[in-house]
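The structure under discussion appears below in the form of structure tokens.
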Amino acid sequence: MSATTARPTWVRKLAWTLTGLTGLGLLGIGYAYFQITAEIDPGSFGSLNALDAKETERKLKIYAEACSTSHRGFIRLSEAEINSYLHEHHFADFEKNSTQTLVSGTRLLDGRVELLGRGLTWSCWMRKPFLGRPLDLVWQRVMELNQHSNQWAFQTKSMWLGNVEVPPRFWPFVIQQLGEADLVLSDRHQWFSRLPALEIKTNELSAKPELR
């Protein structure tokens, strides 16, 4: 190639620079994708069993009877009891009947609660259609328990998709895309909001947090 037709050095440098930036961009997108879709084992939140689910049902029945007769007192719900109850009532037959398929086509696969000192972490395992293919996600929200106007509510303190923390400015977008999952448990949320008192305390014997 003659000197008159050779590309100038700055053109070659610009081409290599653009190629390198494109490669880094693709690597960044790939890394973000694998972090957002990272698998989180539901078993890490503790085991589930039918006995704990039945115990929760028994305690809730006691609470309902006490309310009807104006008896005072409180019930204790451990993390295992809450999760076993949620699984038994919302997710145990999911593979059989697919009742947790939402209007948007998103499927709510599972849900777990982790009790914390002043709140809880609510985790949802979801399968959402994306570009014609199913995309599995784990959506986690760390919530703080607060009381407003004689009602109890969980205020979101942080939000995660897989291993990636979602900046607060993107919360409305994520809620718009995934928040439909909360409708499945809307009856439980309304029940919580009507409780006269709600707190998370450490159990004296197990040294683990419990919902009272």
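Each reported figure results from applying straightforward, stated rules to the coordinates on display, with no laboratory input. Since this is a predicted model, take the numbers as computed values, not measurements. Neighbour counts are summed over all protein chains in view; Cβ atoms, including those assigned to glycine, are modelled from backbone coordinates with ideal geometry.
Quick notes on this one:
- The order of the peptides 200-212, 49-61 by mean Cβ neighbours within 10 Å, most packed first, is 49-61, 200-212.
- Under Karplus coefficients 6.51, -1.76 and 1.60, residue-wise ³J(HN,Hα) of the range 130-136 in Hz, glycine/proline x: 8, 6, x, 10, x, 10, 8
- Filter on K128/K157; K54/K128; K157/K208; K54/K157; K59/K128 - keep pairs with C-alpha separation over 29 Å: K54/K128; K54/K157; K59/K128
- Backbone HN-Hα couplings from phi across the range 111-126 [Karplus 6.51/-1.76/1.60, Hz, Gly and Pro as x]: x, 9, 10, 10, 6, 10, x, 10, x, 7, 10, 9, 10, 10, 9, 10
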